[in-house]
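This report refers to the structure that appears directly beneath it.
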Amino acid sequence: MRQAGRSLPEYRAIRGEGSIVEAIRTPDLATEITLQPVRRYGVDAAILYSDIVTPIEAIGFGVDVAPGVGPVVEQPFRSAADLDRIRPLDPEADTGFVLETVRNLVAELGDTPLIGFAGAPFTVASYLIEGQPSRTYTRTKSLMRGDPDLWHRLLGRLADLALASLRSQVAAGASAIQLFDSWAGALSPVDYERFVLPHSRAVLEGVADLGVPRIHFGVGTGEILSLMRDAGADVMGVDWRIPIDVARDRLGDGVALQGNLDPALLFAPWEVVEAETLDVLARNGGRPGHVFNLGHGVLPETDPSVLERVVALVHEVDPATGQRP
Ligand code: CP3
């Protein structure tokens with residue numbers, strides 16, 4: 001998730017103004033920012049400080065991440081001619097700064113695993129086509145249904161980028177990968193299966209030989225969960241819109257789950273946060289594999305001391321039962 005966000009004062013202090021892209025391109029800074037939430041909260045894993053648009057930005061597509069907005073594109077993807085703007089990624093030459101950050105982190109983190117990540121083809125395509133965050137994905141869906149041939153060529157190239165990036169992060173020492181298809185829940189199951197799944201599968205199957213756990217996540221994906229899992233995930237991330245036991249019923253026991261406390265509930269009184277956290281854990285109690293997490297990123301105004309208490313509470317719980325001893 002976008003974990004640290006702006007919730008940590010120490011993040012705001014060293015992050016500075018301006019685009020996050022500059023911070024990502026500065027390995028010492030990106031290393032320190034990745035470590036901050038691990039130090040503060042004592043979480044069990046670190047997630048690399050980067051962004052889903054890092055590879056496409058690095059090959060010069062003209063993407064920036066506007067503070068408070070998200071990814072914005074100067075010249076959005078409009079036609080077949082724009083395919084020429086998406087060349088293959090050379091991870092060392094184009095994103096050496098990411099790999100340097102990964103190597104620094106692996107040295108600093110000791111036993112704490114580092115999760116590398118990439119944006120899934122659909123979610124990255126939605127930014128390239130819309131030019132900015134969207135609620136309706138009208139241009140994206142219009143290209144998908146209006147020119148399926150161009151759509152598949154675009155997603156094929158984005159799958160290649162994600163795959164090259166993930167493989168390089170694992171080679172540099174990342175111990176797990178997460179593929180973020182944050183906005184795939186905007187699609188019907190039929191469209192997802194036909195226009196998106198083959199490309200996400202190319203990414204996830206493409207890293208299978210590396211032997212690291214593969215996490216797959218999107219928001220509002222209750223109706224496409226088993227399709228997303230079929231793309232080749234060892235762990236399925238779920239947001240709070242679907243109770244984790246319902247997700248488990250839909251997926252069976254052959255996969256681990258990640259989630260799914262509603263990040264907005266962290267603003268409720270502690271008794272509520274405590275009860276909801278225990279409820280999430282109990283709902284997967286006795287079933288295999290649960291990575292406790294929020295259902296989406298930390299909201300910037302979140303009180304860090306509440307997150308500290310949630311992490312401590314989760315650590316008290318017996319993983320076998322999902323209950324406090
Ligand atoms: O937070 C972390 O340190 C983890 C690293 C991380 C970032 N982005 C840094 C970031 C990760 C894992 C991401 C993934 C990402 N980026 C996703 C997938 C996860 C999800 O939240 O669904 C998506 C959709 C993006 C695109 C993106 N980047 C958005 C929509 C925004 C929000 C814009 C805003 O300011 O509210 C960003 C910016 C961004 N990327 C921030 C961080 C920490 C926000 C704060 C900042 O700019 O410093």
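What the table below lists for this structure:
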item: Scan of region 2-27 for residues that are near the ligand (Cβ under 7 Å from one of its atoms) and at positive phi, ordered by number; result: Gly5
item: One residue from Thr54, Thr95, Thr138 being among the hydroxyl-bearing types (Ser, Thr, Tyr), crowded, with 17+ Cβ neighbours inside 10 Å and away from the ligand (no atom under 14 Å from the Cβ); result: Thr95
item: Search result, residues across region 36-45 that are in contact with a helix residue (DSSP H, G or I) (Cβ under 7 Å, 6 or more places away or on another chain) and within 9 Å of the ligand (Cβ to nearest atom); result: Gln36
item: Looking only at region 81-109, and only at residues there that are part of a loop (DSSP other than H, G, I, E, B) and under 19 Å from Pro27 (Cβ atoms), the one that is farthest from the chain's Cα centre (by Cα); result: Asp90
item: Residue in region 28-35 that is part of a loop (DSSP other than H, G, I, E, B) and more than 9 Å from the ligand (Cβ to nearest atom) present; result: no
item: Residue selected from region 285-310 under the condition within 16 Å of the ligand (Cβ to nearest atom) and of a type in the set (A, V, I, L, M), by the criterion surrounded by the fewest Cβ atoms within 10 Å (Cβ to Cβ); result: Leu299
item: Residues of region 217-264 satisfying the condition of being within 24 Å of Val207 (Cα to Cα) and surrounded by fewer than 17 Cβ atoms within 10 Å (Cβ to Cβ); result: Ser226, Asp230, Gly252, Asp253, Gly254
item: Search result, residues across region 143-157 that are acidic (Asp, Glu) and either surrounded by 14 or more Cβ atoms within 10 Å (Cβ to Cβ) or closer than 14 Å to Val203 by Cβ (or both); result: Asp147
item: Any strands (runs of 3 or more DSSP E) falling wholly within region 182-285 and containing at least 2 residues that are of a type in the set (S, T, N, Q); result: 256-261
item: Check on Pro76, away from the ligand (no atom under 15 Å from the Cβ), more than 26 Å from Asn260 (Cβ to Cβ) and out of contact with any Phe, Trp or Tyr (no Cβ under 8 Å at 6 or more places or on another chain); result: yes
item: Unique match (being at pLDDT 95 or above, closer than 26 Å to Glu223 by Cβ, acidic (Asp, Glu) and under 18 Å from the mean Cα position of the chain (by Cα)) among Asp147, Asp191, Asp160, Asp181; result: Asp181
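Residue-by-condition table, conditions (1) within 16 Å of the ligand (Cβ to nearest atom); (2) of a type in the set (Ser, Thr, Tyr); (3) at pLDDT below 95:
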site	(1), (2), (3)
Ile244	no, no, no
Leu251	no, no, no
Asp262	yes, no, no
Val273	no, no, no
Arg283	no, no, no
His315	no, no, no
Asp318	no, no, yes
Gly322	no, no, yes
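The values are calculated or read from the model by the stated rules, or taken from the named source; none is laboratory data. Just so we're clear, the structure is a prediction, and the values are computed from it rather than from any experiment. Note that we place each Cβ from the backbone using ideal geometry, even for glycine, and neighbour counts take in every protein chain shown.
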